[in-house]
1. I want to confirm something. Restricting to the range B:177-209 and keeping residues that are open to solvent by less than 10 Å² (accessible area, probe 1.4 Å) and within 20 Å of B:Phe240 (Cβ to Cβ), which single residue is farthest from the chain's Cα centre (by Cα)?
2. Could you list, in sequence order, the residues of the range A:174-218 that are open to solvent by 40 Å² or more (accessible area, probe 1.4 Å), polar (S, T, N, Q) and touching a Ser or Thr at 6+ places or on another chain (Cβ under 8 Å)?
3. From the residues in the range B:144-176 that are away from chain A (no Cβ under 14 Å) and among the polar types (S, T, N, Q), which one is surrounded by the most Cβ atoms within 10 Å (Cβ to Cβ)?
4. Pairs only if they're at least six apart or on different chains, beta carbon under 7 angstrom, first in the range A:63-74 and farther than 15 Å from A:Val135 by Cβ, second modelled with pLDDT of 95 or more and of a type in the set (S, T, N, Q); list them, first residue then second.
5. Suppose we keep only residues that are within 12 Å of chain B (Cβ to nearest Cβ) and touching a Gly at 6+ places or on another chain (Cβ under 9 Å) within the range A:319-349. Which one would you say is nearest to A:Phe206 (Cα to Cα)?
6. Check A:Ile388 against each of (1) facing chain B (nearest Cβ under 8 Å); (2) in contact with a Lys or Arg (Cβ under 6 Å, 6 or more places away or on another chain); (3) not small (Gly, Ala, Ser) and name the one condition it does not meet.
7. Every residue in the range B:90-108 that is surrounded by fewer than 19 Cβ atoms within 10 Å (Cβ to Cβ) and within 18 Å of B:Tyr167 (Cα to Cα), please.
8. Looking at (1) out of contact with any helix residue (DSSP H, G or I) (no Cβ under 6 Å at 6 or more places or on another chain); (2) within 10 Å of chain A (Cβ to nearest Cβ); (3) not hydroxyl-bearing (Ser, Thr, Tyr), which is the one condition that is false for B:Val186?
Amino acid sequence: MNGWSGDIRSYRLSSLVTVCIAAAGFVLQYIAQGQGVGMLSWPFNALFLAVFAAFIVLLGAGFRTNGFVLWLGGIPFGLSLIFAIAFLSLLGGVIPQGISSGSILSERLGLSRIFSGWPFSLVVFFFLCNLGLSVVWKIIPFRLANLQFMLFHGGFWIALASGLAGASDLQRVIIPVYEGHENSRAYIPQENRIVQLPFSVYLDDFSIEEYAPQIVLYDPDNDRVMQGEVTGGTEVSKGYRAVWPGFAVTVQDYLPHALPDSSGIPRPAEGEKGIPYAKIRITSGGKSIERWLNTGSPFIKPGVVQLDRFYLVMFPGSPKVFRSGVVLSGSSGRRIAELEVNKPVTYEGWKLYQMGYDEKAGRWSQLSLIEAVSDPWLPAVYCGFFMIMAGNAMFFWKGMKRERV
Amino acid sequence: MTLTDFPVFAFSAIACWATGSLLQILVRRYPAVRYPSYAVMLAGTAFIVWFIVSYWITLERPPLRTLGETRLWYAALIPAVGFLVEYRWKIGWLKYYCMVLAAFFLGINLAHPDVFDKALMPALQSVWFIPHVVVYLVGYVLLAASSAAAWHNIYSGFRSKTELLGYSLSHYLALLGFVLLTFGLVFGALWAKEAWGHYWTWDPKETWAFISWLAYLGYLHLSANGTGRNKLQWYLALSFLVLLVCWFGVNYMPSAQNSVHSYQPD
């Protein structure tokens, strides 16, 4: 180790320089009137990254005995930058991001957009220098014993650098499409702009499956719901029993999909159209009555039971699955696909996600919101992630292998 | 099994841990008590495991969605780490801290009972759900144990009774905990790409997980660069507070309004 690193002087210098970097970032941010850092897009970001990487390799390999370079790639400076990143992230983790706070100073300092601002960018830039130098020193000369270090630190560098450099090439758009309609235009929420896509999406069918409904007691005066103590079964079905102070409710019959007939009596109906109906017996002080509850829909009034100033209501369950059956058409031909949350589909370099629907209409929504994402830098970022995981697994193995702590 | 049965299991577990610990005091005079005392302590953990398994079956989904549900896992796993450390490295004191911590988590659940709710929102229905949460769970458990070991070392330091073994213990627990935090973070990123379209969006929980990860990254570099042992114990003991914010505190932050990580029932 060189005299610069490791000792208290090096820590002091590193902390001072790091504070100056962050402060310079805030000054720049203030001068830039709160505007974020303008990022280069393809191919200039790739070019910049290549030149930056080459510069670090040359600096690390060519000047490895130089005191300044040793300090730049040393642990004390690295630690100071880690703490600076942690501090800036802390600001970003406490102050709501992406929402204007209304304070002019906070806006000019970019406090509600910390992660795209100058202080964060500058600190991360120096962090990449520091991390990059440390990796170069472990790679040259190559020793297998350093593999874990190379994978973890190198992977982190690749993931961080390509994630940041590629941010400007990332496209995230939302395609709203109605059942029976086709759409090839999407909007970008952050920029409030509409773009034309190289393909179109036709929505054949949108459907939602729900969890079992819930029977609760509604207090309209205080606008709150009270859950009963469930003493039979775990969800609303025949035999379910719940108790509230003063009375008990037992489900006599349960129809998950039903519609009323001409005389108002619920009859089982086709899955898509029907709504949950429950025949309940309310018992209080030896007396009991029977009533039907239903969750209601845009076409049917909810069936509730009034008990003094309270109402016994049946809430529809939360969505379990929602999916869109779509037909995608583009230069590569037509493709039938099913989109579901957590099950995106890749088409012509875009990843398509089931994002949302008309929540007011719920199960009867005719609208499906599909997100399309294009991220050409993803393979590089994933390469970094897998290197990190490989290095991490080796680190774990070394830690576990110790016979004695 | 529903939550109405929870108090019985929680109190049984706490009673077992307490009885087993008290029996340990007698071990020096009556060595025959040794094995029964371990059996009783293990039985305490077995009660919690029993509850988790049957609750899982009733819920028809892994009980890993709400904070209350994850606390059940901590209550089972933290003492398990204490017992494993004793089994492998013959360090007996850690298990007491672990049992106290576990009893504390059960206490929170007793004071604030969860609502029985089978629903698992579509975003959570993923192959990543269990690996992401379990890796974090175990990571937090190890770091909680590391912090307990660090407090113990600080306390021993005040009494001028420092043990080399104690320092190594807090270090290795932190190291293993860090490894699991890293896996949790990367698994989370891979999952987020599949569920929300991007691997990193600075969601408040993500940001805090990143800060906690940086805190332990800082620890490993301080330790590698030869920082004094006592300072490192303070660092480890206090780093856990950052983790606690990430774990429970984030939901109360002004920044958490739109977090994809709030799965608490309303």
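1. Once the filter is applied, the top-ranked residue is B:Thr207.
2. Listed by number, the list holds a single entry, A:Gln196.
3. First pass over the range B:144-176, keeping only residues away from chain A (no Cβ under 14 Å): B:144, B:147-148, B:151, B:154-162.
Remaining after also requiring among the polar types (S, T, N, Q): B:147, B:156, B:160, B:162.
Values: B:Ser147: 25, B:Ser156: 16, B:Ser160: 6, B:Thr162: 16.
Filtering the range B:144-176 for residues that are away from chain A (no Cβ under 14 Å) and among the polar types (S, T, N, Q), the one surrounded by the most Cβ atoms within 10 Å (Cβ to Cβ) comes out as B:Ser147.
4. Here the result reads none, with nothing in the range A:63-74 linked to a residue that is modelled with pLDDT of 95 or more and of a type in the set (S, T, N, Q).
5. Narrowing the range A:319-349 to residues within 12 Å of chain B (Cβ to nearest Cβ): A:319-323, A:339-346.
Filter again for touching a Gly at 6+ places or on another chain (Cβ under 9 Å), leaving A:319, A:322, A:339, A:344.
Working: A:Pro319: 13, A:Phe322: 7, A:Leu339: 10, A:Pro344: 15 Å.
It comes out as A:Phe322.
6. The one condition A:Ile388 does not meet is (2).
7. Once the filter is applied, which keeps residues that are surrounded by fewer than 19 Cβ atoms within 10 Å (Cβ to Cβ) and within 18 Å of B:Tyr167 (Cα to Cα), the range B:90-108 yields B:Lys90, B:Gly92, B:Trp93, B:Tyr96.
8. (1)
The values are calculated or read from the model by the stated rules, or taken from the named source; none is laboratory data. Only a predicted model underlies this, so the values are computations on that prediction, with no experimental measurement involved. No Cβ is skipped: glycine too gets one built from the backbone with ideal geometry, and neighbour counts run over all protein chains shown. Each accessible area value is taken on the protein alone, full model and side chains, heavy atoms only, with ligands, DNA and RNA left out. Shrake-Rupley method; radii C 1.70, N 1.55, O 1.52, S 1.80 Å.
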